[in-house]
Amino acid sequence: MEQAIPATMHAMTIQAYGQKNVEKTTVPTPAIGKDDVLVKILAAGVNSVDFKIRDGRLKLLIDYPMPLILGNDLAGIVAAVGDNVREFAVGDAVYGRADKDRMGTFAEYIAIKKQHLAKKPPHLNFTESASLPLAALTAYQALHERMKLQAGDKVLIHAGAGGVGTAAIQIAKAMGLFVATTASAAGRALVERLGADLIIDYKTEDFSEQLRGYDGVLDTLGGDALRKSFRVVKRGAKVVSVSAVPTAQLADEWGLPFYKKILFALASAPLHLAAKKHGAVYDFLFMRPDGGQLAEIGAWAEQGKVLPVIDKVFAFDDTQQALAYSEQGRAKGKIVIKIADE
Ligand SMILES: NC(=O)c1ccc[n+]([C@@H]2O[C@H](COP(=O)([O-])OP(=O)(O)OC[C@H]3O[C@@H](n4cnc5c(N)ncnc54)[C@H](OP(=O)(O)O)[C@@H]3O)[C@@H](O)[C@H]2O)c1
């Protein structure tokens, strides 16, 4: 049954970068444009990017106006649709990743472009569904679009027990890949259950001494792990990082000012050089929302090939604790905030 849309809503906001304590504020419920869907959010996934944005660490890439509602992932119910929206109707269960320019899922409602949403996988609940978009899209875009891996190829996925890693292992297996992953003893059983073929304990072993001839690496760590990753791939293979330095290509794709392109070119030059020394290619991915890809991921979820891995669920009022837990960097799978009852 259709419910009235309130004029205001609760949202978890910051007033300035670096503000560690998010505040529960009352703000206007967002208005929708012709191509938008207004979603009543029931659950919101937490990602490392949330505390990084809070701390202003992405400011060079994107500088948000304040106050800012945090949060990127969502699952919920369509509350209203814009004039051009035929794909979704009021009452549909949906999930998605908000556009980087219009984030704000730690809130009761969000206005989101229709192309950034997909129908929620029917067998998953809202909490499970909200855990998937950002991490699964990152993995999909890295393995499929950037590395163009084919069944039988070998991939190394760093931090297999984390939010991106748990999605990436499953997507890689759904693509028919051989998967090596790094994990500590605490994450070993999890990555094994998800189907990793070769598990390297990063606390006691050096992956770069064990692996050779790989077709790609998904780097979620940067630093030493990234630099050593260039050694393990075949000539011409890609090491795609989601956590190191952006490239000049990203500045172009995003239409950033020329000085930022030069800055990224200079900052990423040592990585391009290090990659070249080993015949590898360095690439940086900043994932993008994509409802079509989410529908594919949802189909895999329905087939049991890509299933949510949830570490902890927090109440809406405990968003602060959810971000602090994410910041510790020890999660096994995903963290989700329950915004409203299903
Ligand atoms: N550019 C993009 O579009 C994009 C998208 C998504 C994520 N990211 C970035 O990707 C990174 C990972 O995100 P996430 O959400 O997956 O993080 P996460 O869930 O916080 O990762 C935590 C996991 O990483 C493991 N870990 C920590 N250090 C490790 C190491 N040296 N080797 C292997 N595993 C290690 C931990 O295992 P133990 O506790 O057992 O050590 C823990 O299980 C973040 O920097 C995030 O910002 C970027």
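The values are calculated or read from the model by the stated rules, or taken from the named source; none is laboratory data. Computed from a predicted model, the values in this text were never measured in an experiment. Glycine gets a Cβ as well: all are built from the backbone with ideal geometry, and neighbour counts include every protein chain shown. All accessible areas refer to the heavy atoms of the entire protein, side chains included, with ligands and DNA or RNA removed. Shrake-Rupley method; radii C 1.70, N 1.55, O 1.52, S 1.80 Å.
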Output the residues belonging to region 211-241 that are assigned to a loop (DSSP other than H, G, I, E, B) and farther than 19 Å from residue 276 by Cβ.
211, 220, 221
Only one of 71, 18 is of a type in the set (Gly, Ala, Ser) and free of Cβ contacts under 8 Å to residues at least 40 places away in the same chain. Can you tell me which?
18
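Table: residues versus (1) in contact with a strand residue (DSSP E or B) (Cβ under 7 Å, 6 or more places away or on another chain); (2) under 21 Å from residue 304 (Cβ atoms); (3) of a type in the set (Gly, Ala, Ser).
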position: 64; (1), (2), (3): no, no, no
position: 86; (1), (2), (3): no, no, no
position: 122; (1), (2), (3): no, yes, no
position: 133; (1), (2), (3): yes, yes, no
position: 142; (1), (2), (3): yes, no, yes
position: 148; (1), (2), (3): no, no, no
position: 151; (1), (2), (3): no, yes, yes
Scan of region 150-160 for residues that are open to solvent by 10 Å² or more (accessible area, probe 1.4 Å) and hydrophobic (A, V, I, L, M, F, W, C), ordered by number:
151, 159
Yes or no: residue 244 in contact with a helix residue (DSSP H, G or I) (Cβ under 6 Å, 6 or more places away or on another chain), open to solvent by less than 60 Å² (accessible area, probe 1.4 Å), part of a loop (DSSP other than H, G, I, E, B) and within 21 Å of residue 100 (Cα to Cα)?
yes
Of these, 240, 232, 245, which one is among the hydrophobic types (A, V, I, L, M, F, W, C) and modelled with pLDDT under 95?
245
Filter region 164-179 down to residues that are open to solvent by less than 20 Å² (accessible area, probe 1.4 Å) and within 12 Å of the ligand (Cβ to nearest atom) and give me whichever is farthest from the chain's Cα centre (by Cα).
169
Open to solvent by 20 Å² or more (accessible area, probe 1.4 Å) and hydrophobic (A, V, I, L, M, F, W, C): is that true of residue 139 in this structure?
no
Return a yes/no flag: does region 71-80 have any residue that is farther than 13 Å from residue 43 by Cα and modelled with pLDDT under 95.
no
Quick check: anything in region 135-144 without any contact (Cβ under 8 Å) to a residue 60 or more places away in the chain and assigned to a helix (DSSP H, G or I)?
yes
Among the numbered conditions (1) open to solvent by 20 Å² or more (accessible area, probe 1.4 Å); (2) more than 11 Å from the ligand (Cβ to nearest atom); (3) in a helix (DSSP H, G or I); (4) not β-branched (Val, Ile, Thr), tell me where residue 208 comes up short.
(1)
